[in-house]
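K.L.:
Handing you this structure, nothing more for now.
The values are calculated or read from the model by the stated rules, or taken from the named source; none is laboratory data. Computed from a predicted structure; not experimentally measured. All Cβ positions, glycine included, derive from the backbone under ideal geometry; neighbour counts span all protein chains shown.
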Amino acid sequence: MPAETAEGAPYARWSDDALAAWYRDAPSDDLFAEIVRRFQHPVFRLAVSVLGQGFAADAEDVAQEVLVRVHLGLPRFRGDAKLGSWIYRITFNLAVSVKARTRFRAPHLGDDVLGETPSLEQGPEARLTTHAQRRAVLESLHDLPEVYQSALRLHYWLDTSVRDIAVLLDVPENTVKSYLFRARQLLRARLTERGIDAPG
Amino acid sequence: MPQGDALERFVQDALTGAPPAMRPGFEARLRRRVRRRRPTRAGGRVLAAYGLVATAVVVWSLRDLPPAAIVSSLAVCVPVAGAVSAYAHRMVRGH
């Protein structure tokens, strides 16, 4: 596989499905390099959205493993689904199973995950409250169904548009909006159970 | 209870930090993993010699056994060896 597939190379203009079909008939390093170029970042992003903050290295391992599976599985890929849908489904499922292991290894939220220390302009009490609220939100987030967590992280943390989330999760845009709405509802209920009020 | 925009602000405040990026060398590492590994010419000769010697040893050590025992042991051992070999190949290619 060449290190780079230059922009303007013939494959760069091919559709994903054309790439997959050609690769199935005549696998080549150049074609696989193009597939990697197109999918490595979305796959990593989706894996990060499932695994959460503080698990970037695990997300990268997931991305590597997904692309190895794609390499091994593409010759048998029959094109029943879109290439992207197939790759993202592998990613989501693998990330969820890796997450079960990583949470077992590190089930608690460290300060690195909780983010920056609240502003020093706040008083000590306010800083403590902010920190506690942040922890409550993250812990409540972890209790949500995986697909809701992923949608929330993609939208609010990774700044991904609803349209792009729909592609990554392989659902219509309206379904993504409904995921986000339902996720916020569930999150609100969880926070209320913890006695968390809206910030002033 | 957090409502509407306040809840969104809550989530945004909690999910702080720059989005992570992949480390440099991602593609090079992937390339190493998917590279098809073939033995060198010398390695191929060593493997062929090993196969010949192993076959000779098996034939010699089974020479006194009744044919039915040889056939039944081959019927068990050959598929098991094939399955282990295929599994090992998959492991090597996958990791």
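K.L.:
Do we have any residue at all in segment A:91-105 that's modelled with pLDDT under 95, in a loop (DSSP other than H, G, I, E, B) and either out of contact with any helix residue (DSSP H, G or I) (no Cβ under 9 Å at 6 or more places or on another chain) or not aliphatic (A, V, I, L, M) (or both)?
P.N.:
no
K.L.:
Out of all the residues in segment A:46-63, which are assigned to a helix (DSSP H, G or I), at the interface with another protein chain (Cβ under 9 Å from one of its Cβ atoms) and more than 17 Å from A:LEU168 (Cα to Cα)?
P.N.:
In the first step, residues of segment A:46-63 are kept if they are assigned to a helix (DSSP H, G or I); the result is A:46-51, A:56-63.
Next cut, at the interface with another protein chain (Cβ under 9 Å from one of its Cβ atoms) only: A:48, A:56-57, A:59-60, A:63.
Selection gives A:ALA56, A:ALA57.
K.L.:
Also, I was wondering about something else. Do you know which residues across segment B:33-46 are among the aliphatic types (A, V, I, L, M) and either within 11 Å of another protein chain (Cβ to nearest Cβ) or surrounded by fewer than 11 Cβ atoms within 10 Å (Cβ to Cβ) (or both)?
P.N.:
Within segment B:33-46, the subset among the aliphatic types (A, V, I, L, M) is B:34, B:42, B:46.
Selection gives B:VAL34, B:ALA42.
K.L.:
Any residue that is within 14 Å of chain A (Cβ to nearest Cβ), at positive phi, loosely packed, with under 14 Cβ neighbours inside 10 Å and under 32 Å from the mean Cα position of the chain (by Cα) - is there at least one of those in segment B:16-32? Walk me through it before giving the result.
P.N.:
Applying the first criterion (within 14 Å of chain A (Cβ to nearest Cβ)) to segment B:16-32 yields B:16-32.
Filter once more, keeping what is at positive phi: B:17, B:25.
From the residues that got through so far, the ones that are loosely packed, with under 14 Cβ neighbours inside 10 Å too are B:17, B:25.
Then drop every residue that is not under 32 Å from the mean Cα position of the chain (by Cα), which leaves B:25.
Yes - at least one qualifying residue is present in segment B:16-32.
K.L.:
Restricting to segment A:169-200, and then to whatever is farther than 21 Å from A:ALA132 by Cα and touching a residue at least 40 places away in the same chain (Cβ under 8 Å), can you tell me which residue is nearest to the other protein chains (Cβ to nearest Cβ)? Let's see the steps before the verdict.
P.N.:
Filtering segment A:169-200 down to residues farther than 21 Å from A:ALA132 by Cα leaves A:169-182.
Next, only the ones that are touching a residue at least 40 places away in the same chain (Cβ under 8 Å) stay: A:169-170.
Working: A:LEU169: 17, A:ASP170: 21 Å.
Within segment A:169-200, the match that is nearest to the other protein chains (Cβ to nearest Cβ) is A:LEU169.
K.L.:
I would also like to ask the following. Name the residues in segment A:138-183 that are at negative phi and not in a helix (DSSP H, G or I), would you?
P.N.:
Going through segment A:138-183, the residues at negative phi turn out to be A:138-158, A:160-169, A:171-183.
Correct list: A:ASP143, A:LEU144, A:PRO145, A:LEU158, A:THR160, A:SER161, A:VAL171, A:PRO172.
K.L.:
Got a sec? Which of A:ALA151, A:ALA166 is of a type outside the set (Asp, Glu), more than 13 Å from chain B (Cβ to nearest Cβ) and in contact with a helix residue (DSSP H, G or I) (Cβ under 6 Å, 6 or more places away or on another chain)? Step through it out loud before you land on a result.
P.N.:
Numbers: A:ALA151 fails: more than 13 Å from chain B (Cβ to nearest Cβ).
Criteria check complete, one pass: A:ALA166.
K.L.:
Against the conditions (1) within 11 Å of another protein chain (Cβ to nearest Cβ); (2) modelled with pLDDT of 90 or more; (3) within 19 Å of B:PRO20 (Cα to Cα), where does A:VAL68 fall short? Just the number, please.
P.N.:
Here A:VAL68 meets the rest and fails (3).
K.L.:
Among the residues of segment A:136-189, which ones are under 14 Å from the mean Cα position of the chain (by Cα) and among the polar types (S, T, N, Q)?
P.N.:
Result: A:GLN149, A:SER150, A:THR160, A:SER161.
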